[in-house]
Structure formats: C-alpha cells, structure tokens
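Every read-out reported here was derived from the displayed coordinates using simple, explicitly stated rules and does not represent laboratory data. From a predicted model like this one, the values you see are computed outputs, not experimental measurements. Cβ atoms come from the backbone with ideal geometry, glycine included; neighbour counts cover every protein chain shown.
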C-alpha cells in the first residue's frame, strides 16, 4: 500500500472519494511509526486508541458530507503543543509526567477541522537546540542517513514527515527550529509571521520569537495546514486580529515579475560550496520561470546570533521558572526544605543545554548587566528588522540557504555549543524581525544529504511565499525525492 | 534638637473587577482553596496572560481622581523570583513605565489641610497564599488570590508623623472606595500599606529608611510607625546606625522585626513581559472614563465649607464616604433645617447609631427622607432636640416615621402658653423658697424651677417657652 507516498492533498481527495477511510489511513501511519520508531525515535508519545477514536469520528463526519480538507488526515504534533489528556513533555524530564489539562489553540483548530492527532513528536528539550540531540527521550535520526542529525528543534516532526510517518506535522520556530530541520531532512517547512498563529497552549521557549508552523512535503500541503492553524485567538495578546488568506486558492499565481532579493552577505564566508551550488541553481530556476534577482544588503545580519543568544535565553530563564516541582512535573524525592525542592527538582529535571541557557538568561537580565546585554540586544534587534524593511523596498521575497551546511553526524558538534549556535546564522534574523520564513528542498550536498532553499517573505505575506514555493515544486522534483528504505 | 520623621507609603489596593487581571477566573473572596484558579493562574505550561480592561479602567479613574498623568503607553514587566505562592516564578507588574505618574492627595489632619504628592500608581497581579496550619509540617498553596488585580499607589516621602500617615491612608482608603475601584475591606487584605520610615535632623539629607511591610489596619500602621521611629531614634542616639531593611510589624508584641536586609535583597531581573503588548490608553478612553466619574470628595468638602459655611472638620467628616455625603445632600434637599444642624445630626447621632448597628450610609435603617422629617419636627418646635434622639432610635427600630413615633410616645412639646402658665403657677405656689432665692439673686434657683415645670409637664413643655414665661412671672 502506497498511501504514505501520497501528499496530504492527495489523501484528502482519497478520503473524500471514500477510497480510504480515516481509520485505515490512521492505522497505516501508526504501523509505520511503530516500525520505524526504533531506528528514528521521531515520536515521544503515540496513543493508537485515542487517534483511532478521532479517526472514527472523522469518518462519520465524512459520511455525513460535511468534511473539511483536513478531516480524517492524521497530523503529528511537536510535543510542546498541549493536547488535553495527552502527555506533553517538551522533550524534558521535568515534564515527563505532565498530562495537559487543556488544548492549545492550534490543537483546537485541528480538532475543529476534523484532523486526527497521530502522536507527539520528539524535539530538543524546550525547543533549545539545532540537532535534536538535546532531548530527554534520546536523539532523533535523519531518515536520509541514520548517522546524521535531523536538525532541531522540531527534529521529530521533520524526520516523521521525511520518513512518511505522517503526511504533515506541526513545529515551532524560535530561531530556525522548523526551517533548519526541514532543510536537513528534505521536507518543506513554514514558520509564519509572528502573531499569525496563536501561541496559546504552545509551551514557551522565548515568547517574543516563538511561532508555530508546519512541516509537510509540498507547498500545497503546507497551505492546507496553515489555513487550519492561522487566525486570531484572543487568548494570545500577541496574536494579530487580521483575516487569514485562502492559502490553497492562492497557490497558482506563478513567479513572473517576482523580484527575488539575494543578500550579498549570504554567500560570504562560512557557506559550504555543496550548499551554495544547489541554492544558486534554485535561484537560476526561478529566473527561468520569470523572476528577476536583485542584490540586497542586510548589514546587521552578522550580529543576529549574539543578539539572539542574549534575548532568547533571557526570556527562557523567566519562562522556565514555573517548572519548580510545586504544582506539576518532576519533583525531587524527599526535599529537606523549600530551597532543596527547587534546586533538586530543577537540577534533576532540566538537561545541560536548558541549564546553560537559563544561566545565560539570568546573567544578562541581572542588575548591572541588563543595559549592556539585554537592552543593547533589543536595540540591535530593531536595526536587524530595519534592514529587512529596507530590503523589502526593493524585492518581494528574499532567498538564500536555510543552513550553512547539510546535516552533520550525530555527536559531531555536541562538544562545542557556540559552534552549533553559529549555524543558526541564516534563520535567526527572520525570528528577530518577526518575519515569515520557509525552507523547501532544492537539491543535495555532501554525502547526498538534502539542502534547503530559504524563502523569506514580508509580514503576513505567507500566501505569496507559498505560491512562490509551489511554482518551484511544479517545475522541479526535489520535493518528491524520498529517503531510501522508507518508500 | 528634635528629630524629623520622614514617611512614605506604598499602598496595595485590590481592584473591584469581577475577574482577575490576566485570566477569567473569579476574584470573589473566601472560596475553597484553588477553586478560583484557572490554568493561567496555575501557570500551566503554554498559558498566556490577557489583560483585563476593567483593571485599566480603574487605574484611569484613580489617575483622574488624584490629578496624575495617565501614561499613553505603559509597560508590563516581569519581576522574577521563586516562591510557592508565585506560580509562574515571576509577578507581572509595571516597572519603568507605570500607568499613572504623579498626582496628589489632600486630606485633613485635625483642622489643617495637608497635601501629599504621589510618585506613581501601577497595575500588578497579587500572589497566592500559603497555608501553614493543618498540613502537619508541610505547607499548602492556595492560588485563589493569585492574579487578583492590584493598583500599587506610591506616595512621595512627605509625611512627617504617624498621625499624618494614618490621615493620608484614611483619605486614600476613602478615595478608592469613593471612586469605586476598591472595596477597602482591610480584613480581607483589599487595602494594605507598606510604610517607608526614616528619621533625620531637620534640614539634613534623608536618613536610611526601613520598610515595614503589609500593615492591614490603620491602628497597626500608626503603632508600627511610632515604634519604628522610636527604634531608629534610640539606635542613632546610642551611637548606632540604621540599616536599610525590610521589617514586619508584630501586633501582639507591638514591635517591628527585621525580615531581610538590603544585602539579602533579591535581584528581580525585571524585563518587559513579551507576552503582553505595551498598554496603550487613548485620550478618548480617558474622556469616556472621566465622563462617568463621580464628584470628588475634595471638591465637595470645599463646597460644603464655602457654600454651607460648615467648618473644615464637619465638611471632612461628611465627605468620609460617598454614601455619607450623598446622605447629607439628600437630607438637605428635603428639609429647611440649617446645614450645621443637619451636619451635627449626621456626624453625631446618626453616625453613632450606624456604628452601633455595624451599618453604613448605604444601608441606614433611617433613610435620608425620614431623618429630614425628624429634623423638620425639631425645626417647627413640635419636639425638643432631646426627644428627637429618642425618636431617631425608635425609627431605627422600625416603630414608624417621626410623626408616628412622636404621637405614639406622646413626645409632642406643650406649646400652649395657657397650659404652660398654669403649670408654672402651680410650681411657683408650691416652691416659695426657690422663688425667694431667685429674687435674692440666686440664678441656680431658676434652673431648679425650670426643672420642676418640665417635670410637671412630663418634659413636654417647650423649654424656650417655659424660660420666657417663668422669667416674666418672676420679674412681675
């Protein structure tokens, strides 16, 4: 049965035509997850009974003839979206026993659409990491090469989509956590504009940078999923009260006359040639399709990594204070007093990368350092956003690499966190500016590992970005390549 | 040379919104533990705060009432520290940019009007409560109060005595109730003060201050400050130095005790809360709030003094609460009795009655109209002032209106001069000695004769008439 090789859009058509039921489809994916879990470790929690119950009601809804495009479609969720009754761990020991008592807005939206919650995917602890090696539930492996990391922090979602264990998965992107794993695993990933998708029920890492988004195999599938996720929610004060576009309907606009901005800083030092070549080729493909290329400049781009590694840990140090062993989550055994309860619960519950960031964050916010670090970083953040605003005066989208290299081997960068931080160079500025960003597969680099093209749009320009990606996917077949053994 | 005392107050007023400042949970006092704590109040992973506009509206009301500047943009910040009553590990407050800046509060200290400037007022959320009893060596956490909206009102250090600080606190307490932003219930913690106290020689720079936390009664506020001033003066006079610290008042021992010193002070790592947008208040919003504001006590107090010729003392008492001043105005509207007389009755007997009954002017058993009628009966000479007091209490007991009580209890004054004259004649005939004494110049004998007449008429004779007729007869 080749169901899993179908795109989400094709599955939707099959469900509507009653060629397959949601229960059959869900069983099919659950079986694949079970089969591949030992080698990929893409999931933290699977609950077949719950998923199949949802699939059954989806089938009833389809039978009644009031199905939506996602009705009956199994979707995997990054394990930081709270789903009522589901364990929600954030890849951390400190929440290893936490059963969410409520649904995130995003989960509610999928429920309303009739989608099936297929399982909760593995991730770097509290979304802190770029390789999915920081999970308390073990690393995730890259379906293209089990020696390679899948990227992070949405590594489980990316691996699941790449290995066709799910037609689509949600992710979150604080500094590249959707786009970089999408690039590493050869799938499409979209991080929407900050404020497009409600953060309510999405466990916070860095509140001013976090944004939920989607990983799927095609731009069309991302459009269908984004239509479900996006929209106003009054429970998130930073969510924009602004109508959503019909993303699927807008896909066919083509790229004739599209002005592609290519920042001159993007192809400077640090970019591997094996990545640069497919990126250049993809941009040339766009030119063949009728787009023009303009050179733009993002002069403060180089400051984005240090700025990010001040601001994100600052917010995280405060956001993670609630994990204190008092109300839920891991609590140390037999603490002698309150201080011990705090210290031991947190020392036992958090992994090393999370602890490192809490310490950095507490430091940059502390008395005497606030102005020099936090405030300074906020000022530079504004300059970075201004660079993009100026660039978008000359172009419609900005293109470049999603990551400076292809996926690297497990364990190869874990000893040098700063080196791993620097790899976020291409994705982080977009988060700092609050812009939407996307990665689509555009070829292969060293060791035949995938390369992703990053497409950055202006605020709330997701519809255009999706049509730009769609045009490329109509003209090329990179997005249809499948990792060996998973077909 | 004497010491000058310098006091500034920080007052936490709980706002009267039905729901919490960042969640939809109820703020009702006294519910079973943790029954009024939503996922947001419990700081469940993934939850986010949403600002209650009602809390902002109340802050605007306060800003208008004290003539402060209402910030077009203010910022919510996180104050980070760990404690089990603080579920998020940070309190959402306002730090660098508060919602109200400046303003002042005028109040009476005795017969003198004082005005204290305010530094700021900012919105924040309250913490929960720890319960140490009935958990056998452990502590319980009740998060019902967590997220309750507070307006913290900070005064400049301009008060110079405990008495003045208490007068300020009372005036503030009255004002926040007057404008309906706080119920003022001090037992339930709706209004609590922190006092910053220091002493210095007049003209010297400010001395080192101590902060006394969580004073939830005016009496404690006064005693705590008095104790603290004595402690600081004695310490300095003995050659010691005041250390900046936070202290707690122990009402049983009547003293303040060190809680933590400045050295132990936590670094709260304040930063703007990224979950909340800057709070924007438009001029239109301020205008809408202004249009719905009641007349303010200070203005009313001055009107009572200037237009009704009441003393500052009377006017201050009448404007203690909005209900009381409203009651006064309602009585005035339905009687021709002099304002001073109305003021005396309200500040005196009616207030004492309500105090005895544990009631206030919003639920007085004697309505303003009923009191007006009673005062009318004094004014037209139907009853004496003394009898009126009896009528007041009878009315409060539900015996009917003034006329019914006067009738039933036979309290009507005897104003028939013929009847009074005959009573006087009888008294004079029976008391020849007193008549002689009076005529020999003993004024006291006159009083005794008046007493006899009143007794003979069962107290119903109009005393003024008795006086007049008696003097005439004795002179004749």
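Applying a 10 Å radius around every beta-carbon, put B:429-439, A:342-352 in order of their mean neighbour count, most first. Could the numbers behind the result be given before it?
Values: B:429-439: 13.9, A:342-352: 18.1.
Top to bottom by mean Cβ count within 10 Å: A:342-352, B:429-439.
Taking neighbour counts of Cβ atoms within 10 Å as a proxy for exposure, in what order, fewest first, do A:320, A:146 appear? If you can, show how the numbers build up before the last one.
Numbers: A:320 28, A:146 12.
In increasing order of surrounding Cβ atoms, one gets A:146, A:320.
Where both partners of a DSSP beta bridge lie in chain B, what percent of those bridges are antiparallel, to the nearest 5? Walk me through the numbers before you get to the answer.
Working: 56 of 61 bridges.
Among the beta bridges of chain B, antiparallel pairing accounts for roughly 90 percent.
Using only the Cα atoms, work out Rg/Rh for chain A, with Rh taken as the Kirkwood radius, to two decimals.
0.95
Please arrange B:454, B:341, A:128 by counting, for each residue, the other beta carbons lying within 10 Å of its beta carbon, fewest first. Display every interim value, and only then the final one.
Working: B:454 18, B:341 14, A:128 29.
With the fewest neighbours first, B:454, B:341, A:128 line up as B:341, B:454, A:128.
Taking the inverse of the average 1/r across all pairs of different Cα atoms in chain B, what Kirkwood radius in Å do you get? It would help to have the intermediate numbers written out before the result.
On the way: mean 1/r = 0.0377 Å⁻¹.
Evaluated on chain B, it is 26.5 Å.
Taking only the Cα atoms of the stretch B:283-384, how large is their convex hull per residue, in Å³?
On the way: hull volume 11.8 nm³, N = 102.
Normalising the Cα hull of the stretch B:283-384 by residue number yields 116 Å³.
For the protein assembly as shown, what value does the Rg/Rh ratio take when both radii are computed over Cα atoms and Rh is the Kirkwood radius, given to two decimals? Walk me through the numbers before you get to the answer.
Details: Rg = 38.5 Å, Rh = 33.1 Å.
Taking Rh as the inverse mean 1/r over Cα pairs, Rg/Rh reads 1.16.
What order do you get for B:296, A:432 when you list them from fewest to most C-beta neighbours inside 10 Å? Could you put the intermediate results ahead of the total?
Working: B:296 17, A:432 29.
Lowest to highest Cβ neighbour count: B:296, A:432.
Of the beta bridges DSSP finds with both residues in the protein assembly as shown, what % are antiparallel, to the nearest 5? Working shown, then result.
Working: 85 of 103 bridges.
DSSP beta bridges in the protein assembly as shown are roughly 85 percent antiparallel.
Mind checking the mean number of beta-carbon atoms from other chains within 10 Å of the Cβ atoms in B:81-91? Mind showing how you got there, number by number?
Working: counts 1, 10, 4, 7, 1, 4, 5, 5, 10, 5, 0.
The mean count of partner-chain Cβ atoms within 10 Å per residue comes to 5.
Using only the alpha carbon atoms of the stretch B:40-141, find the Kirkwood hydrodynamic radius as the inverse mean reciprocal pair distance, in angstroms to one decimal. Before the final figure, lay out each step's value.
Values: mean 1/r = 0.0613 Å⁻¹.
Over the stretch B:40-141, the inverse of the mean reciprocal pair distance is 16.3 Å.
What number, in percent, do you get for the relative contact order of chain B if the mean sequence gap of Cα pairs under 8 Å and at least 6 apart is divided by its residue count? Could the numbers behind the result be given before it?
Details: 836 pairs, mean separation 66.0, N = 476.
About 14 percent, as a whole number.
Would you tell me the mean number of C-beta atoms belonging to other protein chains that fall within 10 Å of each C-beta in A:199-207, as a whole number? Each step should come with its number before you reach the end.
On the way: counts 3, 5, 6, 3, 4, 6, 0, 1, 5.
Whole-number average of other-chain Cβ neighbours for A:199-207 is 4.
Let me make sure I get this right: for the stretch A:384-487, a, b and c are the square roots of the gyration tensor eigenvalues over alpha carbons, sorted descending. Under 1.5 in a/c it's rounded, otherwise prolate if a/b > b/c, else oblate. Which is it?
Values: a/c = 2.81, a/b = 1.19, b/c = 2.36.
Cα axes put the stretch A:384-487 in the oblate bin.
For the stretch B:202-272, give the share of DSSP beta bridges that are antiparallel, in percent and rounded to the nearest 5; count only bridges with both residues there.
Details: 6 of 10 bridges.
Around 60 percent antiparallel, to the nearest 5.
Under the classification rounded if a/c is under 1.5, otherwise prolate if a/b is larger than b/c and oblate if not, where does the stretch B:267-311 fall, given a ≥ b ≥ c as square roots of the Cα gyration tensor eigenvalues?
Details: a/c = 7.35, a/b = 2.33, b/c = 3.15.
Oblate, because a/c is 1.5 or more while a/b does not exceed b/c.
Mind running the shape call on the stretch B:200-311? Use the C-alpha gyration tensor, a ≥ b ≥ c as the square roots of the eigenvalues: rounded below 1.5 for a/c, prolate if a/b tops b/c, oblate otherwise.
Details: a/c = 2.49, a/b = 1.35, b/c = 1.85.
It is oblate, given that a/c is not under 1.5 and a/b is not larger than b/c.
Which whole-angstrom value gives the distance between the alpha carbon centres of the stretch B:85-143 and the stretch A:1-64?
Here the answer is 53 Å between Cα centres.
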